[in-house]
Amino acid sequence: MSTTSTPEAAEPEPSPVAGPEAADPAAARTVVDPAAAPVAALTPAGRKFGLAAATALVMGNIIGGGIFTLPAAVAPYGTVSLVAFVVLSVAAVLLALLFGKLARRSPVTGGLYVYPRDAFGPFAGFLSAWSYWTMCWVSIAALAVGVVGYVDVLIPLGDGKVVLAVVALAALWLPAAANFAGTRYVGAVQVVSTVLKFVPLLLVATIGLFFIDTDNYGPFNASGESVPGAIAASAALLLYSFLGVESAAVSAGEVRDPERTVGRASVLGTVASAVVYILGTVAVFGLVPHKELVESGAPFADAVNSIAGGSWGGTVIALVAVASIVGCLNGWILLSAQMPYAAARDGLFPKPFARLGKGGVPGFGVLATAVLGTILIVVNYADDPDTAFRVLVLITTFTGCVPYLLSAAAQLYWLARGTRERVRPAGLVRDLIVAGLSFAFSFWLIAGAGYAAVYQGALFLFAGIPVYVWLRGRQETPEDADTTP
């Protein structure tokens, strides 16, 4: 697979601190410590991820809570949501291709923060980093909420909000505590945990197809909306299940030969996850009656019980689901610390986020993510626990799509600049299609999230602007200030 459409000489050289400020020559003044070690050196060379570990990181972060909880979340839309799943799978592969190409240009830790910053300057980079970081801790809270339904299969929890919240908080803080141990064993853990959950899920997604009852599928469009509207709305929920496609790009500094490995790992991990997702969702829809699926708190467990004719199968799947989601939380918490770490090294996030602990993990970033996730879980359970997961998922759709949108725009910017040089027309057209469709898909998903999610997500996004203003104001020297009256 070719990874660029412009001559190598036309591509900017990566900066030692996550890339150059092509659009803002003055941005070099924003670096907190120019003598500090490069962002790419977050993990020692001997401990960097190879293709297998990087692919496992992508799959491990994609296949977390989504496959276990979202079939019930999209069931109210009917089987039209299966169409949305196919469309979204194509979009996810396009995003994987996009991130692979961008990682070739800037193969360093920070990914979705680096690309907009290099193209459009520090403010765009900050918005992307802030939005992605927000998506991380909101997504982590959603994952923790998703654990509760499967724990309830193993140990009946009742309807008490306090008990449900405590289980969700335990699911968040256990992997957060593990992250403080460092990145040394992250690759090995991701490979093992991915295999443990991928194999049983794939077996259910294939064996379950032989037990499908077509009467269980229910109406094609049960939402009452138009078909395009139902597809967009269900896709906005399903996007949550594909968050993590960018994992290798965000962690590029910890990947061996990132110019080649990031793109391959992103595509391989995304395609494998999409196959399991689509087959698994088709199986669940056909195994659990539609009316029961809408009310299910553990749809995959219900599907296995339908096959096995008892409760033991559901218990096994519930164990796999809990282990899978907690393992996914472990990877997401690491990612949530890496993005602000890269921005903080450039002075675009508060300084504490740039501090590394003994294990090589940005400890303050891990702690901040865990605390904010805790607040969000408590607030949502205090309000209405039945809608907590759905609300959190839709907020992550908005905050996750903003950096996707800006990254696609950055690629379009570099391609537009490249047209001034001699280029291979076929490669340029291919790259333009990938970047253009990635931008369009991201925009469409933001629209499909709905007014409430966009409103709440925008509040999270704009809350970061005062932080940026303060940081930039503190960095500028008197001679940098604009003296124009």
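The values are calculated or read from the model by the stated rules, or taken from the named source; none is laboratory data. Quick caveat: nothing in here was measured; it's all calculated off a predicted structure. Here Cβ is always computed from backbone atoms with ideal geometry, including for glycine, and neighbour counts include all displayed protein chains.
Results, tabulated for the structure shown:
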quantity: Out of LEU239, LEU209, sole residue that is exposed (fewer than 15 other Cβ atoms within 10 Å of the Cβ), in contact with a Leu (Cβ under 9 Å, 6 or more places away or on another chain), touching a residue at least 60 places away in the same chain (Cβ under 8 Å) and part of a helix (DSSP H, G or I); calculated: LEU209
quantity: Number of the exception - GLY224 against (1) free of Cβ contacts under 8 Å to residues at least 60 places away in the same chain; (2) assigned to a helix (DSSP H, G or I); calculated: (2)
quantity: Test: ALA171 is over 22 Å from VAL74 (Cα atoms) and either in a loop (DSSP other than H, G, I, E, B) or at pLDDT 85 or above (or both); calculated: yes
quantity: Qualifying residue in the stretch 256-275 (condition: basic (Lys, Arg), over 19 Å from PHE99 (Cα atoms) and over 20 Å from the mean Cα position of the chain (by Cα)); calculated: no
quantity: Residues of the stretch 341-365 that turn out to be at pLDDT 80 or above, out of contact with any strand residue (DSSP E or B) (no Cβ under 8 Å at 6 or more places or on another chain) and either within 26 Å of VAL469 (Cβ to Cβ) or not in a helix (DSSP H, G or I) (or both), as a count; calculated: 16
quantity: Count of the stretch 322-336 residues which are surrounded by fewer than 24 Cβ atoms within 10 Å (Cβ to Cβ) and among the small types (Gly, Ala, Ser); calculated: 2
quantity: Considering residues of the stretch 268-287 that are closer than 25 Å to GLY50 by Cα, of a type outside the set (Ser, Thr, Tyr) and in contact with a Phe, Trp or Tyr (Cβ under 9 Å, 6 or more places away or on another chain) only, the residue surrounded by the fewest Cβ atoms within 10 Å (Cβ to Cβ); calculated: ALA272
quantity: The stretch 254-267, residues that are surrounded by fewer than 24 Cβ atoms within 10 Å (Cβ to Cβ) and among the aliphatic types (A, V, I, L, M); calculated: VAL267
quantity: Unique residue being at pLDDT 80 or above and either crowded, with 22+ Cβ neighbours inside 10 Å or among the small types (Gly, Ala, Ser) (or both) when the list is SER251, SER306; calculated: SER306
